[in-house]
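So the structure is just underneath, and the comments pick up after that.
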Amino acid sequence: MSSESRPQQPGQVSNLPGLTTYITGHDPQTGKAIVQSKRPGNWSSYNDKLMGFNVAYTTSQFPASLNNDADLHAHDALAATEKLGLVNPGGTVCRIVDFAPGFDCMMHRTQSLDYGIVLEGSIELVLDSGETQVMHRGDVAVQRATMHAWRNPSKDDWARMVFVLQDCEKVVLGDKELKEDLGRGVAGLPSSGNDK
């Protein structure tokens, strides 16, 4: 499918194809699976429009309740508050992130277990120890509440990742409790509030 058939969306800062979230459910008459709704990307930008976020879906409890569309109602209610941090306390977040060419995002930590999958381009995982790892399309990072950053090594092309963030228990290293640290450049992004 070409980029022309998936045009950029309002608020999207990259030149990558627009996104749609397809949410499935059950037809109440037949019990058969259906695509219940199609939702275009809803983008916000950070760091002078060098990084774009699209939250595809959230859950607010684990395990999630799908009965009577409880998860859908909880997601829509949370999205309407505009108070979602990087992590949803007690739940999950599926977020697509676009990184501008040459962009280094902030060194940060979330109190969460995250799966980060490269969808477009290449991305470099940068750890506070100085260790780096270049990741390519299809590679997966399992981020376990460490201080880290992401860098797009391309001088010309945007990179895209999808992240699934899951709340976790408090992380303790030795006698020190590790807390969320959002770093720089994220004005307007609320604290997750799950490390209190």
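The values are calculated or read from the model by the stated rules, or taken from the named source; none is laboratory data. Everything quoted here is computed from the prediction, not taken from an experiment. Cβ sites come from the backbone with ideal geometry, for glycine too, and all protein chains shown count toward neighbours. The area values use the complete protein model at the heavy-atom level, side chains included, leaving out ligands, DNA and RNA. Shrake-Rupley method; radii C 1.70, N 1.55, O 1.52, S 1.80 Å.
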Treat every Asp and Glu Cβ in the stretch 45-178 as -1 and every Lys and Arg Cβ as +1, leave all other atoms uncharged, and give the resulting dipole magnitude about the Cα centre to the nearest 20 debye.
-> 80 debye
Can you give the helix-only mean residue ellipticity at 222 nm for the chain, where every DSSP H stretch with n ≥ 4 adds -39500 (n - 2.57) and the sum goes over all residues, rounded to the nearest 500 deg cm²/dmol?
-> -2000 deg cm²/dmol
Taking a straight Cα-to-Cα line shorter than 21 Å from Lys179, and setting aside same-chain lysines fewer than 8 residues away, one finds Lys83, Lys170, Lys196
Rounded Å value of the spacing that divides the Cα centres of the stretch 162-184 and the stretch 4-27 = 30 Å
Accessible heavy-atom area order of Tyr46, Tyr115, Tyr22, highest first, probe of 1.4 Å | Tyr22, Tyr115, Tyr46
Label model pair His73, Val35: point-to-point distance (7 angstrom along the Cα→beta-carbon line) in nm is 2.6 nm
Loop only per DSSP, at most 14 neighbouring Cβ atoms within 10 Å: give me the GluC sites (Glu not before Pro) in the stretch 144-196, ordered by residue number.
-> Glu169
Would you mind working out the accessible area per residue for the chain, using a 1.4 Å probe, and quoting it in Å²?
-> 56 Å²
Sorted by average packing, counted as other Cβ atoms within 10 angstrom per residue and highest first, what order do 48-56, 149-157 take?
-> 48-56, 149-157
Dipole of the stretch 115-196 (Lys/Arg Cβ +1, Asp/Glu Cβ -1, origin at the Cα centre): which of Ser122, Cys168, Thr146 lies farthest to the positive side?
-> Ser122
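Given a Förster radius of 35 Å and the C-beta distance between Asp27 and Phe62 as r, what FRET efficiency does 1/(1 + (r/R0)^6) yield to the nearest 0.05?
0.85
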Which of the lysines could a cross-linker bridge to Lys155, judged by Cα under 21 Å and excluding same-chain residues fewer than eight apart?
-> Lys49
Three-way shape call for the stretch 1-78 based on the alpha-carbon gyration tensor, with the a/c threshold at 1.5 | oblate
